[in-house]
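Structure first, then comments.
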Amino acid sequence: MSPPLSVMFVCLGNICRSPLAEGAFRAEAARIGLQVRVASAGIGPWHVGEPPDPRSQAVAARHGVDISGQRGRQVKPADFLTFDHIVALDWRNLTELKQIRPNPSTALLSMLLDHAPGRAGDAVADPYYKPDEAFEITWSDVVAGTRGLAAKLKGEG
Ligand code: 4NP
């Protein structure tokens with residue numbers, strides 16, 4: 001049996017946005033029957049080993065998704081060889097990913113909202129220093145992107 005498709009979501013800290021993307025994508029993949037290995041990581045090392053930000057855990061829980069078991073990790077060059085898709089949450093993440101990408105690299109790099117209809121080029125804004133309400137916007141952005149990506153990958157399978 002060939003290994004399942006694999007997707008990694010990357011933001012700056014891996015405690016606010018990419019854990020939500022991981023959780024939302026996992027839920028959507030299960031809903032549509034897409035077999036996929038899912039992970040998330042941060043550009044920076046600050047939150048390695050930590051659970052997601054309580055505000056991210058809360059917004060996911062309000063939408064029926066439990067992300068409390070996730071733990072922060074930092075993206076590494078080898079991830080470009082072990083994941084099929086690496087998906088950045090914003091432009092800064094994408095730029096930094098290009099800088100650590102090894103050559104050769106097998107992973108396809110994209111931005112999450114490139115997969116959402118009508119949102120190509122948009123970033124998922126960093127809610128870390130924003131009021132709690134910002135996390136609802138993060139959640140809806142992440143759902144738009146992960147739904148589109150899951151549907152695309154299901155179509156390719
Ligand atoms: P995230 O948000 O990239 O969505 O996880 C951040 C979390 C932590 C930091 C920055 C952004 N930080 O500087 O520690």
With every protein chain in place, segment 5-156: carbon and sulfur % of accessible area (1.4 Å): 55 percent
Extension reserve of the Val48-Lys130 stretch, reckoned as 0.36 nm per residue once the Cα distance is removed: 27.4 nm
The chain shape via C-alpha gyration tensor axes, a/c threshold 1.5: rounded
Per residue solvent-accessible surface (Å²) - the chain, probe of 1.4 Å: 49 Å²
Amide H contacts of Ser40 (H built 1.01 Å from N, under 5 Å, at least 5 apart or other chain): Phe9
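The values are calculated or read from the model by the stated rules, or taken from the named source; none is laboratory data. Just so it is clear, the model here is predicted, and its values are computed rather than measured. Calculation scope for accessible area: heavy atoms of the full protein, side chains included, ligands and nucleic acids excluded. Shrake-Rupley method; radii C 1.70, N 1.55, O 1.52, S 1.80 Å.
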